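Bear in mind that the values in this text are calculations on the coordinates, not laboratory data. Predicted model only: the values in this text are computed from it and were never measured. With ideal geometry, Cβ positions are generated from the backbone for all residues, glycine too; neighbour counts draw on all protein chains shown.
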Amino acid sequence: MFLITPDYYVDFKCKASACTDNCCIGWEIDIDEYSDAVYSSVEGEFGEFLNDHIDRNTDVPFFKLDKNERCSFLDENNLCRIITNMGEDYLCDICHMHPRFCNYFGEFKTMGVGLCCEEAARIIIENDEITSFEINKIDEESDEDCDKDTFENTTNIFNELTDYLRYCNPDFMSIQEVLDEIAISAEAVQYYYSKQDYKECKHILYNPVGSDIFENHTFPDFVEFLKTLEIMDNKWSVTLNSITEKLDTLNKEETAFDKAYPENNIIYANIAIYFIFRYLFNAVHNGDIYSPIVFTVFAVKTIKFCDILTFVKNGRSICVEERIENAKLFSKEIEYSTENVEAIYNWLA
Ligand code: SF4
């Protein structure tokens with residue numbers, strides 16, 4: 001089969017103990033059946049420790065967290081005891097994959113790294129070129145069913161969207177304006193996508209028609225809606241409240257922000273491409289191309305407004321680490337909760 005990855009994928013390497021965050025803190029990791037069977041058979045002192053720290057009282061077993069919400073297998077140096085005692089091959093599926101994500105479409109597999117991880121976020125944010133994609137043949141079989149034509153046509157729409165972001169002239173139109181146009185065309189793109197008229201989908205993208213999504217779905221309303229979703233970190237609710245309180249100032253400061261950081265165009269284009277790549281192809285399975293497009297536009301705008309908030313708080317400056325923090329916060333709170341993404345899709349419908 002063929003593997004499609006963003007060009008930065010090969011550069012990703014987990015920072016392990018050097019990470020300021022740690023994805024092994026605060027999450028109860030589910031263990032797949034195969035790994036659980038292997039863990040049950042481990043003997044000796046480590047086998048005892050291993051099995052004492054797995055909760056098997058639920059449908060799906062998971063690694064217990066300690067009183068500080070750390071995975072029980074995280075040692076004092078923030079290294080995973082399963083790796084240090086048994087080797088990387090013994091990680092369960094989720095730990096082995098994270099923060100990578102993958103999706104199967106017949107003979108194609110898409111794979112990337114999630115924005116919730118600080119190293120992945122750094123690679124995406126520090127990329128000074130618009131993301132491109134690589135296709136490589138891999139030695140893997142898939143039994144996932146997929147209509148070849150639908151995949152090919154969805155890929156064409158994906159390429160059109162990324163090219164639109166790649167070739168837009170910032171002197172003529174900012175990335176935010178391009179994204180807004182894309183959101184406005186989303187309803188019509190969905191209409192023609194459902195009719196399998198892909199030629200018209202492409203035409204619509206460059207000639208947006210239809211009702212203005214922003215009339216009924218304003219950004220301030222979106223922020224209000226985000227406040228109603230399940231919130232994991234108090235930092236997120238503080239950020240959302242500050243955006244609401246300072247919205248007028250943030251709107252006014254957007255131009256100064258873009259002027260101070262001309263690289264914004266590439267940064268937000270790459271964040272948009274990350275979301276489009278991750279979510280758009282699901283349309284091949286469920287026929288919904290509208291939701292991932294408008295979700296991308298609102299997600300990028302939210303992350304940008306978190307950045308403008310930081311820019312204003314700092315007296316008109318922001319560093320890469322702060323941008324990473326903001327992108328990570330959005331990703332953890334929204335993207336990594338299927339319920340939250342679904343709720344947003346429904347809100348945007
Ligand atoms: S957040 Fe990323 S870099 Fe940090 S430990 Fe997790 S995977 Fe590694």
* To do: With an 8 Å cut-off on Cα pairs and a minimum separation of 6 or more residues, tell me the relative contact order of the chain in percent.
  => 20 percent
* Structure fact -> When the chain is treated as a Gaussian network with springs between alpha carbons less than 10 Å apart, the largest mean-square fluctuation among L309, L240, L79 is found at L79
* How about region 37-116: which GluC sites (Glu not before Pro) there are in a DSSP loop, with at most 11 other Cβ atoms within 10 Å of their Cβ? -> E43, E69, E76
* Considering only the chain, what is the antiparallel percent among its DSSP beta bridges, to the nearest 5? -> 85 percent
* To do: Return the Rg/Rh value of region 148-348, two decimal places, where both radii are evaluated on C-alpha atoms and Rh is the Kirkwood radius.
  => 0.96
* **Crossing angle, helix 219-228 versus the chain [Cα axis fit, 0-90 degrees, rounded to tens]** => 20 degrees
* Asked: Considering the chain as a Gaussian network with a 10 Å cut-off on Cα pairs, which listed residue, I231, I130, I293, attains the greatest mean-square fluctuation?
  -> I231
* Asked: Among the trypsin sites (Lys or Arg not before Pro) within region 175-207, which fall in a DSSP loop and have no more than 15 other Cβ atoms within 10 Å of their own Cβ?
  -> K195
* For region 275-335: span of alpha carbons on each principal axis (Å, largest first) -> 46, 16, 16
* To do: Sum up the charges of everything whose Cβ sits under 15 Å from the Cβ of Y167, counting Lys and Arg as +1 and Asp and Glu as -1, but leave Y167 out.
  => -4
* Nonlocal amide H pairs with C168, under 5 Å, H built at 1.01 Å -> none
* To do: List the residues of region 286-304 whose backbone N lies under 15 Å from a point placed 7 Å from the Cα of Y261 along the Cα-to-Cβ direction.
  => 300-304
* For region 226-261, state which GluC sites (Glu not before Pro) are in a DSSP loop and have at most 16 other beta carbons lying within 10 Å of their beta carbon. => E230
* Asked: Nearest 20 debye, what's the magnitude of the dipole of region 148-348 about its Cα centre given +1 on Lys and Arg Cβ and -1 on Asp and Glu Cβ?
  -> 380 debye
* Asked: Using a ≥ b ≥ c from the Cα gyration tensor of region 1-88 (square roots of the eigenvalues), is it rounded, prolate or oblate, where a/c under 1.5 gives rounded and otherwise the larger of a/b and b/c decides, a/b for prolate?
  -> prolate
* Structure fact -> Charge tally for neighbours of E144 with beta carbon under 14 Å away, counting Lys, Arg as +1 and Asp, Glu as -1, is -4
* Just the Kirkwood number for the chain, please: inverse of mean 1/r across all distinct Cα pairs, in Å, one decimal. => 21.8 Å
* Most positive-pole-ward Cα, T255, T150, I344, against dipole of region 148-348 from beta carbon charges -> T255
* How far, in nm, would the chain grow between N314 and D30 when pulled straight, counting 0.36 nm per residue and subtracting the alpha carbon separation? -> 98.3 nm
* Structure fact -> So, for the Cα atoms of region 232-347, Rg and Dmax in Å stand at 14.7, 47
* Would you mind checking the tilt of helix 234-245 against the longest principal axis of the Cα atoms of the chain, expressed as 0 to 90 degrees and rounded to 10? => 10 degrees
* List, in the order given, every pair from K15/K332; K13/K109; K199/K259; K202/K328 whose Cα-Cα distance in the structure shown is over 27 Å. => K199/K259; K202/K328
* **Estimated FRET transfer efficiency (K227, K15; beta-carbon r; R0 41 Å; 0.05)** => 0.80
* Asked: In nm, what is the difference between 0.36 nm times the number of residues separating L247 and Y191 and their Cα-Cα distance?
  -> 16.8 nm
* Structure fact -> Taking N as the residue count of region 177-263, its alpha carbon Rg divided by 2.2 N^0.38 Å gives 1.42
